[in-house]
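Each value in this text was obtained by applying a stated rule to the coordinates, not by laboratory testing. A quick note: this is a predicted structure, and the numbers were derived from the prediction, not measured. Glycine gets a Cβ as well: all are built from the backbone with ideal geometry, and neighbour counts include every protein chain shown.
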Amino acid sequence: MSTHAEDLKLRLLTIELLQAAKRQHTYRELSAKTGLPVTVLSRYAKGHVLPNVARARELWRILQKLVGLKVELRRKIHFNSAGYFDNTGIVGDCNILRQAARHALAAFAGKRVTLVLTAAVDGIPLATMVAGQLGVNLVVAKRSKEVGVPAFIEETYVLRDSGYTQTLLIPKNAIKRKDSVLIVDDMIKTGETQNALISLVRKAKAELSAMFTLIAIGDEWKRILDLPKRCQVEVVINVNPPKRER
């Protein structure tokens, strides 16, 4: 991933987010939120000048709280009485996926990522958009072997409270030793699937650079994930699991 190219893309995407914020807020309101003069914000929004990378990252962080991805996600998450929510409206919403890919670009700007890894099936749309935004290839860990693939790396794990096991597989040469991998998924709750993906990266003897997910339910997964020390974890929104009625 070219650092210069990705930095420029981040600066341009930050301008897009500022323009979106301007449709809902005045320059004076945005100035109060960002600490930047109205004249500077106006020049950015009109495309007369681009913010430098450091300022773009800070602007992105602030503006995300006003408009964009987090607002859209909160609007779509509704738990049922059993403590589950329907993620169809999230993983199939192209606007959300585009915003999420831009969020990932901002979060990992300057970080070495050569490959995106996800598990079939719900994580595929998001991972595809993220890989496209970062300009790298995508590997999908599947639950069955394809006839045309000669050899696989696989990881089997126990599904909590089910009494069943699940296996994830990737083609043996899909991840190279020189790769720096970003794991992407739409949601994380127990961390079991993500741990299996981490194990696949280790078995391929590659580097796990970072992990990105849209929604994290609770915080139990933080205790379970077996991450290397320098692995960056980016979660767009954390939500507390609903309390079940007794």
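Step by step: find N for the stretch 93-137, compute 2.2 N^0.38 Å, then divide the Cα radius of gyration by it. What's the final number?
Normalised Rg, Cα atoms only: 1.07.
Work out, step by step, the length gained on full extension between R28 and N238: first 0.36 nm times the residue separation, then minus their alpha carbon distance; give nm to one decimal.
On the way: separation 210, 0.36 × 210 = 75.60 nm, distance 3.01 nm.
The R28-N238 span can extend by a further 72.6 nm.
My understanding is that a pair violates if its Cα-Cα distance is over 30 Å; which of K46/K76; K70/K172; K76/K222 do that in this structure?
Details: K46/K76 32 Å; K70/K172 37 Å; K76/K222 24 Å.
The pairs that break the limit, which is 30 Å between Cα atoms, are K46/K76; K70/K172.
In the Gaussian network model of the chain, springs joining C-alpha atoms below 10 Å, which of F108, F85, F212 carries the largest mean-square fluctuation?
F85
Looking at the chain, which longest stretch skips every one of the GluC sites (Glu not before Pro) that is in a DSSP loop with at most 15 other Cβ atoms within 10 Å, leaving the sites themselves out? Provide the component values of the computation, followed by the final result.
Details: sites that count: E146, E245.
Longest site-free region, per DSSP loop and neighbour criteria: 1-145.
Tell me the volume per residue, in Å³, of the convex hull enclosing the alpha carbons of the stretch 1-136.
Values: hull volume 16.2 nm³, N = 136.
Here the figure is 119 Å³ per residue.
For the chain, what's the radius of gyration and Dmax over Cα atoms, in angstrom?
Cα radius of gyration and Dmax of the chain are 19.5, 62 Å respectively.
About the Cα centre of the chain, how large is the charge dipole given +1 on each Lys and Arg Cβ and -1 on each Asp and Glu Cβ? Please answer in debye to the nearest 20. All intermediate terms of the calculation are to be shown ahead of the outcome.
Working: 39 positive and 23 negative charges, 152 e Å.
Taking the Cα centre of the chain as origin, the dipole is about 720 debye.
From the square roots a ≥ b ≥ c of the eigenvalues of the alpha-carbon gyration tensor of the stretch 3-67, which class results: rounded (a/c under 1.5), prolate (a/b over b/c), or oblate? Present the calculation step by step, with values, prior to reporting the outcome.
Details: a/c = 1.80, a/b = 1.58, b/c = 1.14.
It is prolate, given that a/c is not under 1.5 and a/b is the larger ratio.
Restricting to Cα pairs below 8 Å that are 6+ residues apart, what does the relative contact order work out to for the chain? Please round to a whole percent.
Working: 401 pairs, mean separation 38.4, N = 246.
Here the relative contact order equals 16 percent.
Taking the Cβ-Cβ separation of N95 and R143 as r and a Förster radius of 35 Å, what is the calculated FRET efficiency to the nearest 0.05?
Values: r = 29 Å, r/R0 = 0.83.
The computed FRET efficiency comes out at 0.75.
Whole angstrom only: what separates the Cα centroid of the stretch 197-246 from the Cα centroid of the stretch 58-117?
15 Å
Rounded to the nearest 500, what is the chain's calculated 222 nm mean residue ellipticity when only DSSP H runs of at least 4 contribute -39500 (n - 2.57) each, over all residues? Don't jump to the answer; show the numbers that get you there.
Working: 10 runs with 101 residues, N = 246.
So the calculated ellipticity at 222 nm is -12000 deg cm²/dmol.
Which residue fluctuates most in the GNM of the chain (Cα springs below 10 Å): T118, T213, T88?
Its mean-square fluctuation being the largest, the pick is T88.
So between K229 and T88, what do we pick up on full extension, going 0.36 nm a residue minus the alpha carbon distance?
Details: separation 141, 0.36 × 141 = 50.76 nm, distance 3.34 nm.
Answer, rounded to one decimal: 47.4 nm.
What's the FRET efficiency of E154 with R112 using the Cβ-Cβ distance as r and R₀ = 25 Å, to the nearest 0.05?
Details: r = 26 Å, r/R0 = 1.06.
Calculated value: 0.40.
Gaussian network model of the chain, Cα springs within a sub-10 Å range: biggest mean-square fluctuation belongs to which of K70, K46, K142?
With Cα springs under 10 Å in the chain, the top fluctuation among K70, K46, K142 is at K46.
Stretch R177-S162 to full length: gain in nm at 0.36 nm per residue minus the Cα-Cα span? The partial results should precede the final answer.
Working: separation 15, 0.36 × 15 = 5.40 nm, distance 3.44 nm.
Here the answer is 2.0 nm.
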